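Working notes for the structure below.
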Amino acid sequence: MRDVLSQLTEDGLIDPPTAERARSAWHGGTPLEEAVLGADGLTEERLLPALAKSLGIAFVDLDENPPDKALLAELPARLLTAYQLVPLDRANGRLRIATSRVFDRRGLDELRLATGCAMEPVLATGDAIRRTLATHLGVGAATVQSLLAADGIEVVSDDDDIDLSEVAEDASIIQLVNQVLIEAIERRATDVHFEPFEHKLRVRYRIDGTLVEASIPREVARFQPAIVSRIKILSHLDIAEKRLPQDGRIKLRVSGREIDVRVSIIPMLHGEAVVLRILDRSGALVGLDGLGMAPAHLTQFDEVLGLPHGIVLVTGPTGSGKTTTLYAGLSKINTTDRKIVTIEDPIEYHLEGVNQIQVETKTGLTFARGLRSILRHDPDVVLIGEIRDRETADIAVQASLTGHLVFSTLHTNDAPGAIPRLIDMGVEPYLVASSLEMVVAQRLVRLICPHCRELMPGADARVLIDRYNGNLPNELYVGRGCRSCNGTGYHGRRGVFEMMPMSEQLRALATGTASARDVRRAAVDGGMQSLREDGWRLVREGLTTVQEVLRVTKDELQVYGQTKGRD
């Protein structure tokens, strides 16, 4: 021990006082690694290689030295996860085990007794070990193993005479559901999908807008009904009802963060499927400058925020960031001389100084009914979470005509499509023309991971540059795929926008019930950029890829015919 501490001191990793404190802690039963980590900013990445050199053992990179899958399957997952051990290989009755705590012998001793093999420890960082175990064993592997070994829980199916409410309260089931939720939140997932199939329960996370399959032990399919029942209990749903869809909510607190989870359960062929929508209430609210709008778009949006009345719509598919954009606008105009009232389903952010109403359909508080009441509260600005029907649309229009600035969202593919959509809902064309002030369409594109960003090979880049001549720079970037981005090459997202302020020509077209094609042509003539054109801006800035822009936007030339320039 003295030699190790002396070597670490000579290498400049710790100072003499730290070494003395580490000796005292070690005599008190604290492993050496824990005694010195954090002192003078010492991290595992710096400590463990030096420790391995001092002890004469290997330090391994688990990404380049993955474990033997067959060996991993043989060993008790409970021990591996409890003591954070990764078995690399076995030869001549010796197991080579990666650990980040070589001085803590408890796990190695238990594994030696369980296997009858001698232990040969090597060092690896704790992060690498946790990542490797999650990848190769799956989320909750130890929990599933304990469930399989438990006497009280066997295969659960709809035909079994088992009290699912009792099974769902089993500590292991609770732990398994918690582990899945925690991993989803840590991986920045916005949705978690539990999908039952005949011999498998598939769990997928939606990360940066795309679905990624979670690593889950295959045996977890046996406990699918119990998992669903646990989720129903958390969201206050009827666990006995398995034939009808149900919707609920769960409120969580994870590491001090408030998480709101929307639950949707639908019966499928092989059981009930669950989708959990994760909303991080404690997330920092994005300001206007943080939306990533082009300067010209930001100026247009800023101008419309200063209007005394009218309707501002943000359109796009679910999960495209519409609410974030509206909240950014509200935060800009949230001053003491304005009263702002919102009605939402659900309330995604808490805004200080803004009166927010949660839709409650069970009690009859719908968008339309709540909006009527809001207007009697003397608001200056009103936010409607979504215009879903004619009644809500009519009230929104009347509110704008009586001196209120109204913000809302609408499901259309692009900005010009909002005008015919409102008319199709039953709003009179002349009211649409007189009340609508701006429509913003948006999508979210994934950003190239900054940790593995590299130039696209010249030949591949030239093909794209030639195809989209005039829109792309001479150099294109892609993400190679790394640990930080889970091998996808992307990390994080940013909006691309299509701004359509209402001009006199557009108002005239709205009055004449023009088609979306005619509205788009007039808007482009007035200077509107398409979503794809704004996407090319991010490509030119080296923030995203051509493939990502093509994935989330459409070619307006093919859909609407010739427009200004080429998208």
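The values are calculated or read from the model by the stated rules, or taken from the named source; none is laboratory data. Being a predicted model, the structure only gives us computed values, none of them experimental. Virtual Cβ from ideal backbone geometry, glycine too; neighbours counted across all protein chains shown. Note: areas computed on protein heavy atoms with side chains; ligands, DNA, RNA excluded. Shrake-Rupley method; radii C 1.70, N 1.55, O 1.52, S 1.80 Å.
Using a Debye calculation, one point per C-alpha and no hydration shell, please list log10 I(q)/I(0) for the stretch 321-407 at q = 0.21 Å⁻¹ in order.
Debye curve over Cα of the stretch 321-407, log10 I(q)/I(0) at q = 0.21 Å⁻¹: -1.01.
Working out 0.36 nm times the residue gap between S515 and Q175, then minus their Cα-Cα distance, what length gain in nm do you get to one decimal? Don't jump to the answer; show the numbers that get you there.
On the way: separation 340, 0.36 × 340 = 122.40 nm, distance 5.43 nm.
Fully extending the segment from S515 to Q175 adds 117.0 nm.
With a 1.4 Å probe and all protein chains left in place, how much accessible area per residue does the chain have, in Å²? Show your work: numbers first, answer last.
Working: 26440 Å² over 567 residues.
Counting only protein heavy atoms, the per-residue value for the chain is 47 Å².
Mind jotting down the three principal axis lengths of the stretch 404-535 based on Cα atoms? Whole angstrom, largest first.
Largest first, the stretch 404-535 extends 53, 31, 21 Å along its Cα principal axes.
Along the three principal axes, how long is the stretch 500-556 when you take its alpha carbons, biggest first, rounded to the nearest angstrom?
41, 17, 12
Say each of E360 and D89 gets a label point 7 Å from the Cα, pointing the same way as Cα to Cβ; how far apart are those two points in nm?
6.4 nm
Could you state, as a whole-number percent, how many of the C-alpha pairs of the stretch 1-94 are farther apart than 16 Å?
63 percent
Hey, how much of the P(r) for the chain falls beyond 40 Å, as a percent of Cα pairs?
42 percent
Distance check, please: which entries in K322/K362; K200/K362; K232/K339; K69/K232; K242/K554; K251/K554 exceed 28 angstrom between their Cα atoms?
K200/K362; K232/K339; K69/K232; K242/K554; K251/K554
Calculate how large, on average over all directions, the projected area of the Cα convex hull of the stretch 80-121 is; give the answer in nm² to one decimal.
Details: hull surface 10.1 nm².
Projected area, direction-averaged: 2.5 nm².
Can you give me the % of accessible surface on the chain that is carbon or sulfur? Probe 1.4 Å, all protein chains present, nothing else counted.
Carbon plus sulfur share of accessible area: 48 percent.
If amide H atoms are built 1.01 Å from N in the plane of the peptide, which residues on other chains or at least 5 residues away come under 5 Å of the amide H of D191?
Those lying under 5 Å, H to H, from D191 are R206, I278.
Need one number: nm distance between label points at R483 and T299, each 7 Å from Cα along Cα→Cβ, rounded to one decimal.
Simple spin-label model gives 4.6 nm for this pair.
Just the number: Rg to Rh for the stretch 434-478, Cα atoms, Kirkwood Rh, two decimals.
Values: Rg = 16.5 Å, Rh = 13.4 Å.
Reported Rg/Rh (Cα atoms, Kirkwood Rh): 1.23.
Which angle from 0 to 90°, rounded to the nearest 10, does the C-alpha axis of helix 322-333 make with the longest principal axis of the chain?
The two axes meet at around 70 degrees.
Please identify the cysteines of the chain that lack any partner cysteine with a Cβ under 4.7 Å from their own Cβ.
So, C117.
Using modelled backbone amide H atoms (1.01 Å from N, in-plane), which distant-in-sequence or interchain residues come within less than 5 Å of L123's amide H?
For L123, the qualifying residues are A58, F59, V60, T99.
For the Cα atoms of the chain, what angle does the longest principal axis make with the long axis of helix 44-55, in degrees from 0 to 90, nearest 10?
10 degrees
For the chain, give the share of DSSP beta bridges that are antiparallel, in percent and rounded to the nearest 5; count only bridges with both residues there.
That works out to approximately 65 percent antiparallel.
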